[in-house]
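Read-outs: derived from the displayed coordinates by stated rules, not from any lab. Not measured: the values here are computed from a predicted model. Cβ atoms come from the backbone with ideal geometry, glycine included; neighbour counts cover every protein chain shown.
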Amino acid sequence: MAIGEIFSVLRQVPALLKLKRGMTPRALDEHDCFARQVESHAENYADGVAAVFEGQTVTWGQLNAAANRYAARLLEMGVTRGDVVSVFMENRIEFLESVIALNKIGATGGLINTNLRGRPLTHCISVTDSKKCIFGAELAGAIQEVKGELNLDEGSDYLFVPDGNLDTVPNWARNLRDESVGAGTENLPITQEVTLGDNAFYIFTSGTTGLPKAAVLSNRRYLQSAMLSHTAGLQCDRSDRLYICLPLYHGTGLLIGAGASFSSGAAMVIRRRFSASRFLPEVREHGVTCLIYVGELCRYLVNSERYADDHDSPLRAMMGNGLRPDVWLEFKERFGISRISEFYGSSEGNVAFANLFNKDCTIGTTTARIALVEYDVDADEVLRDKTGRCIPVARGEPGLCIGHINPEAPFEGYTDKEATEKKIFRNVFEEGDAWFNTGDLIRELTQEEVGFALGYAHYQFVDRVGDTFRWKSENVSTNEVGEIINGFADIELSNVYGVEVPGTDGRAGMVAVRLADHAHDLDWESFAAYVNSELPAYARPVFVRVQKDMDVTGTFKMVKGDLRREAYDLSAIADPVYVLKPGTNRYEPLDTEYLEIIRDGRAGY
């Protein structure tokens with residue numbers, strides 16, 4: 001074993017000890033929240049940079065003062081501790097001000113995917129019983145389209161936030177920024193009453209249809225995730241700058257990115273959205289030291305034009321998820337990264353892994369009590385022995401990852417109690433126990449694979465299973481997409497699944513459909529229009545297979561195994577297959593010529 005490897009691991013010990021102290025479970029009735037961290041930074045180094053965005057620099061003192069003005073005005077409007085307020089805004093300073101303000105008064109921010117329109121948007125605002133909706137001027141049109149379906153009062157419950165030159169407030173909304181100008185900038189007493197058990201956010205998962213689920217995120221779990229990122233993941237402090245180009249309505253940008261900043265005092269360099277061409281110039285311009293990533297972002301950068309000085313930047317560390325082994329080492333070498341802290345987790349789950357020892361191609365370790373159990377992928381079900389108990393897999397073998405539910409690792413679940421119960425396995429190893437189903441296959445690395453690690457087990461992500469797959473950094477629910485597609489008049493039955501596409505991360509959506517008796521062929525123009533209107537871009541099937549018959553089990557459950565294996569291989573199937581090419585909004589017949597382009601990784605997905 002190399003001496004350098006041992007020293008590399010030992011260097012992580014101080015950060016791990018600090019993390020262990022910070023991650024010790026605290027009582028839910030203890031008073032604390034991330035807004036108090038912002039207040040602390042404003043008090044201790046008010047002139048320190050908090051955020052940089054589109055030429056604007058905001059200090060901690062300014063950020064805290066602006067959030068106080070918003071908070072005071074929201075209180076005057078009747079919003080108080082325990083209320084839910086939807087936030088629908090692109091990445092910008094005002095997003096941070098809004099969520100900090102809500103946290104200061106103990107309200108819950110319902111963070112909505114900015115890509116949603118129509119029915120899914122209506123659902124997200126309604127399902128959380130939002131009392132108000134704070135929305136950015138850049139998204140006013142989307143709110144305009146759905147406000148007639150919402151249980152919010154025009155003229156009082158819609159709170160408009162200008163965006164640059166977009167400052168004309170609709171006559172059905174109030175200008176939150178203008179109305180807050182005269183409010184006080186001092187910290188509010190109510191913030192001292194907010195507890196770790198109060199809900200900080202609702203983060204929506206599987207936003208693939210009109211039925212996304214609102215995952216509950218308490219202040220305690222938010223602060224724990226932020227501590228993990230700041231202390232042991234990025235190992236950052238107030239001298240660092242974090243590059244955040246992932247959406248702040250999403251857990252990675254919000255917890256790992258903004259959370260690390262709130263926890264450490266490091267500055268945030270924020271972009272509305274990722275740009276491969278602007279990445280390195282901005283990293284150099286702003287002295288960025290830490291990157292918040294998802295795997296697909298890294299793949300885009302690796303596939304971009306290479307320059308001899310790509311490694312020449314202040315960037316030293318990165319934390320995120322979904323970085324595949326085929327990209328990991330190349331990215332690390334090309335951009336001169338010394339530390340990659342891949343993590344694994346979900347907004348609602350009680351299980352988290354993090355690569356804290358800086359070992360390549362692993363999601364790292366966990367302090368949670370987990371088990372990897374045998375799972376029949378084709379049947380889409382967990383296997384149990386003759387006594388009804390789950391069966392642990394051998395070390396090195398992939399198994400379904402489940403996390404033990406207990407007072408120190410609760411499953412906070414969703415606002416929907418039925419959806420929460422569906423994610424729980426009971427009587428797994430003993431009568432009365434309860435475990436959270438991650439829905440993912442994980443494997444424990446062998447000693448030979450992991451090397452020196454102070455006795456910590458290390459794990460590797462294998463794949464998603466069952467009725468969910470990941471595409472374009474979003475989770476896609478096959479059941480929910482199928483329900484939408486079944487709503488098209490010419491389709492009697494649909495079976496949705498994910499398939500591999502070379503050169504991409506995750507799985508692209510594919511659907512096998514059986515036509516209704518009255519339909520001799522699918523009206524592809526109408527079908528495409530329906531899919532584009534009912535599903536966000538990442539949930540739209542890339543491939544459509546038209547079948548005469550469809551396999552189901554004895555309990556009428558869709559059979560996906562053969563469909564996944566055959567995918568869109570024209571030599572293996574006789575059914576016609578149609579494809580949605582990148583940059584288009586219509587389906588075309590898949591032919592062998594374009595199939596080769598896909599297989600060569602040249603299609604551009």
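The share of C-alpha pairs in the range 31-344 whose separation exceeds 38 Å stands at 12 percent. Fewest neighbouring Cβ atoms within 10 Å first, the residues His286, His250 line up as His286, His250. Inter-part distance, the range 98-142 to the range 240-302, computed on C-alpha centroids, equals 23 Å. Averaging sequence separations of C-alpha pairs under 8 Å and six or more residues apart, then dividing by the length of the range 353-466, give the relative contact order as a whole percent. About 28 percent, as a whole number. With R₀ fixed at 56 Å, the C-beta to C-beta distance from Ser40 to Arg565 puts the FRET efficiency at about 0.55.
Here the range 525-605 yields Rg over Rh of 0.99, to two decimals, using C-alpha coordinates and the Kirkwood radius. Listed by chain and number, the aspartates and glutamates placed with their C-alpha closer than 18 angstrom to that of Lys332 are Glu5, Glu296, Glu305, Asp309, Asp310, Asp312, Glu342, Asp360, Asp505; residues fewer than eight positions away on the same chain are left out.
Sorting Lys386, Lys417 by the number of Cβ atoms found within 10 Å of their own Cβ, with the fewest placed first, yields Lys386, Lys417. Classification of the range 265-314 by its C-alpha gyration tensor yields an oblate form. The axis ratio a/c (a ≥ b ≥ c) is 1.5 or more, and b/c is at least a/b. Centre-to-centre, using Cα atoms only, the range 353-416 and the range 495-523 are separated by 29 Å. For the range 470-599, the relative contact order works out to 23 percent when only alpha carbon pairs closer than 8 Å and six or more residues apart are counted. Considering only DSSP beta bridges whose two residues both sit in the chain, what percent are antiparallel, to the nearest 5? If we restrict to bridges inside the chain, about 60 percent are antiparallel. According to the square roots a ≥ b ≥ c of the eigenvalues of the Cα gyration tensor, what is the shape class of the range 353-466, taking rounded for a/c under 1.5, prolate for a/b larger than b/c otherwise, and oblate for the remainder? Prolate shape, in that a/c is at least 1.5 and a/b is the bigger ratio.
Spin-label pair Ile573-Thr80: with each label point 7 Å from Cα along the Cα-Cβ axis, the two points sit 5.8 nm from one another.
Which shape class, rounded, prolate or oblate, goes with the range 470-599 when its Cα gyration tensor gives a ≥ b ≥ c as root eigenvalues, a/c under 1.5 marks rounded, and past that a/b bigger than b/c marks prolate? Rounded shape, in that the Cα axes give a/c under 1.5. Taking N as the residue count of the range 180-276, its C-alpha radius of gyration divided by 2.2 N^0.38 Å amounts to 1.23. Taking the alpha-carbon centroid of each part, what is the distance from the range 167-190 to the range 436-492 in angstrom? First find each Cα centre; the distance between them is then 42 Å. Which of the pairs Lys359/Lys417; Lys359/Lys422; Lys386/Lys422; Lys560/Lys581 have their Cα atoms more than 30 Å apart in this structure? From the list (Lys359/Lys417; Lys359/Lys422; Lys386/Lys422; Lys560/Lys581), the Cα-Cα distance tops 30 Å for Lys359/Lys417; Lys359/Lys422. Annotation: lysines with alpha-carbon distance below 23 angstrom to Lys104 (same-chain offsets under eight excluded): Lys131, Lys132. Among the GluC sites (Glu not before Pro) found in the range 302-405, those both in a DSSP coil and sparsely packed, with 12 or fewer other Cβ atoms within 10 Å of their Cβ, are Glu305.
Net charge in the neighbourhood of Gly48 (other residues with Cβ under 14 Å of its Cβ; Lys, Arg +1, Asp, Glu -1) is -3. Sparse packing (at most 14 other Cβ atoms within 10 Å of the Cβ) combined with a DSSP loop state is found for the following GluC sites (Glu not before Pro) in the range 399-480: Glu408, Glu430, Glu431. For the chain, the relative contact order comes to 10 percent (Cα pairs under 8 Å, sequence separation of at least 6).
The order of Ile125, Ile484, Ile424, going from fewest to most other C-beta atoms within 10 Å of their C-beta, is Ile424, Ile484, Ile125. With only Cα atoms counted, the chain has Rg and Dmax values of 24.3, 72 Å.
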